[in-house]
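Reading through the structure tokens given below for one structure.
The values are calculated or read from the model by the stated rules, or taken from the named source; none is laboratory data. Treat the numbers as computed from the prediction; the structure is a model and nothing was measured. Note that we place each Cβ from the backbone using ideal geometry, even for glycine, and neighbour counts take in every protein chain shown.
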Amino acid sequence: MQWHKYTLTIDPSCEEAVTGLLYSLGIEGVEIEDGLFPTEEELGNMFVDLSPELAPDELPPITKPAVHFYLRIAKKDGEDAADAQTGDAVDDSYTIHDKAWTEAEAAALLRDLEKAWPSVSGGVPFDLSCEISREEDWRDNWKQYFQPLLANDLLILPCWEEIPEEYAADIAAGRLKTIRLDPGTAFGSGTHESTRLILDALKKWQKGGEKVLDIGCGSGILSLAALAYGAESVLATELDPACETVIQENIELNDLKNGKIRLIMGNILSEDKSRFGSGYDLILCNILAPVICALAEPGQADALAAPGALFITSGIYKEHRETVERSFRNNPSWKLVETTELGEWVSVAARRV
């Protein structure tokens, strides 16, 4: 199956008219690129944390306003269901199931688009560019960047990989614990410094038997690591709907159908705390500095923690270290225990008093 990505430069004031035309022609996948840097409000709604000291060449590029649309092109009948070269069924688990166009249909659509363009373009010339790729070429390319990872005595193993021979003896002897993981579209493969900081903290501080709360669990890697280190139970929470399926799949991959890990989708900051329980011995949070600061406020994470509980946080860019530490100091329910750095990232741990 081939994907065609088409691009048209547009007048931003005509954005609604252009997208309306595309939808009327039967195009389902449309992307708008306004060429503007995100506002502070927009950045606040994203899972990004830009350093205030970014050099000009580190900022996201500013592009011309454009509209992109995507067509799935089947070169011949039946190519939707089987690969034209091998005849093997194609794994379409990562495919957006919109209309499959024949080459003739796509050509007719583009002619209709060019004919109607002057009525919606605001005077911008019709200048259509196209990129072509086969779906199987890019569908699994990301997997090459996720290889087996050794983190202390945890081996984080992509679900499509076999156990490397060099680790087999240590796993058989119990010296090495294994976590099977499919990150999907969720954050958390163990390779990011912020995740590694919490994995290191778990190795150092966790004793076993804990009741654990994992806030913003992503792929569930920290929940799985806590269980590997002997946690009694884990409640994982998440806002992103994309994570719900991912963490459930990772629970099954690790044969954890015994109820030791539960997932609640919701906002632990704004919702009734009783929904998430209380008395947690260990709280994990790898998100962003502003969220961690909010969780450090009275009546937030402290209301969920048992006396003596440890709150391990990460996802903090080093420029925000002092801000996060100050948030914990301002709440008498918390006592700072440790701050560690790895690369550009910081982990702050505090004890419930």
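Read through the list (1) crowded, with 23+ Cβ neighbours inside 10 Å; (2) touching a Phe, Trp or Tyr at 6+ places or on another chain (Cβ under 7 Å), then give the number of the only condition that Leu235 fails.
Of (1) crowded, with 23+ Cβ neighbours inside 10 Å; (2) touching a Phe, Trp or Tyr at 6+ places or on another chain (Cβ under 7 Å), only one is false for Leu235: (1).
Out of curiosity, is Ala301 under 27 Å from the mean Cα position of the chain (by Cα) and under 14 Å from Tyr280 (Cβ atoms)?
On the way: under 27 Å from the mean Cα position of the chain (by Cα): yes; under 14 Å from Tyr280 (Cβ atoms): yes.
Yes, satisfied.
Just name the residue that is farthest from the chain's Cα centre (by Cα) out of those in the range 270-282 that are farther than 24 Å from Trp205 by Cα and hydroxyl-bearing (Ser, Thr, Tyr). Give the derivation first.
Of all residues in the range 270-282, those farther than 24 Å from Trp205 by Cα come to 270-275.
Of the ones still in play, those that are also hydroxyl-bearing (Ser, Thr, Tyr) are 270, 274.
Numbers: Ser270: 22, Ser274: 27 Å.
Per the criteria, the residue is Ser274.
Considering Ala301, Ala289, Ala296, which residue is in contact with a helix residue (DSSP H, G or I) (Cβ under 7 Å, 6 or more places away or on another chain), at pLDDT below 95 and of a type in the set (A, V, I, L, M, F, W, C)? Spell out how you get there, then give the answer.
Details: Ala301 fails: at pLDDT below 95; Ala296 fails: at pLDDT below 95.
Result of the check over Ala301, Ala289, Ala296: Ala289.
Would you say Arg326 is over 16 Å from Ile198 (Cβ atoms) and in the same structural domain as Glu338 (by TED's automatic domain parsing)?
Working: over 16 Å from Ile198 (Cβ atoms): yes; in the same structural domain as Glu338 (by TED's automatic domain parsing): yes.
Yes: the conditions hold for Arg326.
Which of the residues spanning the range 163-175 are loosely packed, with under 13 Cβ neighbours inside 10 Å and not in a loop (DSSP other than H, G, I, E, B)?
First pass over the range 163-175, keeping only residues loosely packed, with under 13 Cβ neighbours inside 10 Å: 165-166, 168-169, 172-175.
Across the range 163-175, the qualifying residues are Glu165, Glu166, Ala168, Ala169, Ala172.
Tally the residues that are modelled with pLDDT of 90 or more and in a loop (DSSP other than H, G, I, E, B), restricting the search to the range 147-162.
Within the range 147-162, residues that are modelled with pLDDT of 90 or more and in a loop (DSSP other than H, G, I, E, B) number 2.
Would you mind finding the one in Asp170, Asp255 that is farther than 22 Å from Leu295 by Cα, out of contact with any strand residue (DSSP E or B) (no Cβ under 7 Å at 6 or more places or on another chain) and not assigned by TED's automatic domain parsing to the domain that holds Phe276? Write out each step before concluding.
Working: Asp255 fails: not assigned by TED's automatic domain parsing to the domain that holds Phe276.
Just one listed residue meets the conditions, Asp170.
Taking Val348 and the conditions (1) over 21 Å from Gly218 (Cα atoms); (2) at pLDDT 95 or above, which numbered condition does it fall short on, given that it satisfies the others?
In the conditions (1) over 21 Å from Gly218 (Cα atoms); (2) at pLDDT 95 or above, Val348 misses (1) alone.
Scan the range 269-298 for residues that are surrounded by fewer than 20 Cβ atoms within 10 Å (Cβ to Cβ), more than 21 Å from Arg321 (Cα to Cα) and acidic (Asp, Glu) and report the count.
Residues that pass the stated criteria total 2.
Report, by residue number, each residue of the range 335-352 that is in contact with a strand residue (DSSP E or B) (Cβ under 6 Å, 6 or more places away or on another chain) and among the small types (Gly, Ala, Ser).
Ser347, Ala349, Ala350
Under 23 Å from the mean Cα position of the chain (by Cα) and surrounded by fewer than 21 Cβ atoms within 10 Å (Cβ to Cβ), is that true of Lys335? Write out each step before concluding.
Values: under 23 Å from the mean Cα position of the chain (by Cα): no; surrounded by fewer than 21 Cβ atoms within 10 Å (Cβ to Cβ): yes.
The answer is no for Lys335.
Within the range 283-331, considering only helices (runs of 4 or more DSSP H) that don't extend past its boundaries, which have at least 2 residues that are among the charged types (D, E, K, R) and over 21 Å from Asp200 (Cα atoms)? Reasoning before the result, please.
Details: elements: 289-295, 301-304, 321-329.
The helices (runs of 4 or more DSSP H) meeting that bar are 321-329.
What pairs can you find where one residue is in the range 108-131 and touching a residue at least 12 places away in the same chain (Cβ under 8 Å), the other is of a type in the set (Asp, Glu) and surrounded by 13 or more Cβ atoms within 10 Å (Cβ to Cβ), and their Cβ atoms are less than 8 Å apart, with a gap of 6+ or different chains?
Ser121/Asp11; Gly122/Asp11; Gly123/Asp11; Val124/Asp11
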